[in-house]
1. Going by the alpha-carbon gyration tensor, a ≥ b ≥ c the square roots of its eigenvalues, is segment 1-120 rounded (a/c under 1.5) or, if a/c is not under 1.5, prolate (a/b greater than b/c) versus oblate?
2. Using a/c under 1.5 as the rounded threshold, could you call segment 165-230 rounded, prolate or oblate? The axes a ≥ b ≥ c are square roots of the C-alpha gyration tensor eigenvalues, and prolate needs a/b larger than b/c, oblate otherwise.
3. Per the Kirkwood definition applied to all pairs of different Cα atoms, how many angstroms is the hydrodynamic radius of the chain?
4. Accessible area, 1.4 Å probe, largest first: how do H150, H10 sort?
5. Could you give the distance between the Cα centres of segment 180-230 and segment 137-152, to the whole Å?
6. Mind ranking F116, F68, F96 by accessible surface for me, highest first, 1.4 Å probe?
7. Using a 1.4 angstrom probe, figure out how much accessible area the chain has per residue, in square angstrom, rounded to the nearest whole.
8. Step through the residues of segment 176-182 one at a time and calculate ³J(HN,Hα) from phi using the Karplus curve (6.51 cos²θ - 1.76 cosθ + 1.60, θ = phi - 60°), rounding each to whole Hz and writing x for Gly and Pro.
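The values are calculated or read from the model by the stated rules, or taken from the named source; none is laboratory data. Quick caveat, the model's predicted, so the values are computed rather than measured. What goes into the accessible areas is simple: the full protein's heavy atoms, side chains included, and nothing from ligands, DNA or RNA. Shrake-Rupley method; radii C 1.70, N 1.55, O 1.52, S 1.80 Å.
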Amino acid sequence: DKSKLSKRKHGETVSLTYYKNKGYLPQAILNCVSLIGWNPGTEQEIFSMNELIKAFDLSKVQKGGAIFNIEKLNWINRKYIEKMNDKEFLEESKAFLPKNINKKLLPLIREKISYFGEIENLLSNEFSFVNPILNYTKESLMWKQEKNIHSTKANLNLIIDILETLKDFSKESVKNAIWPIAEEKGRGNVLWPMRYALSAKEKSPDPFIISEILGKEETLKRLHFAYDKI
């Protein structure tokens, strides 16, 4: 906010420990702090320690007050997350993941977060479909342009019949099986009730991804539950 950092005014956010506990990477914090009040004179913004040592020049440090930008830190931290291999990402995520986490969720989580502390919110909201589904109304299953609840039920029945025959339950296989009827009857009319039945959320990954993560047995269980509600 362009004012001087104050423990009284800014509280925990002044503390380096605060950002560490939020799941920011040390190298990202260092990278971000190095750019506060200093400009390398190039377009480069992501630096390794050796690159910082080589590039830093005290004469390029501005004399006016420097401003910390949390959006910039989030962007830099995101860039470091993107560069991680799968093993590194899992290791850094462990402190923020429940022990029984479905490992198939990790690539989806990785696409969404800027820092690891965001994982908890994702698992409580958009990715909460991995938890047991709570009750919902049958009207929630209807696509907004669908006027007939019995059409929704018929579409759910078609989806169930198709998925019961699948042996390969990858997202690609599920999509290839369901897509023709979605094109025929309207994507929203088919894919909305399928996705809502699997996630009970208005915002979630697409139903093909969810199906692969849940597996055939749980996917069909949730679809039957939705069908029986109507």
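1. Oblate.
2. On the way: a/c = 1.35, a/b = 1.04, b/c = 1.30.
Rounded, since a/c falls under 1.5.
3. Details: mean 1/r = 0.0478 Å⁻¹.
Taking every pair of different Cα atoms in the chain, averaging 1/r and inverting gives 20.9 Å.
4. Values: H150 125, H10 45 Å².
The residues order as H150, H10, largest area first.
5. If you average the Cα positions of each part, the centres end up 13 Å apart.
6. Values: F116 5, F68 80, F96 55 Å².
Most to least solvent-accessible, the answer reads F68, F96, F116.
7. Values: 14170 Å² over 230 residues.
Roughly 62 Å² per residue, with all protein chains present.
8. With coefficients 6.51, -1.76 and 1.60, one gets 4, 6, 8, 4, x, 6, 5 Hz.
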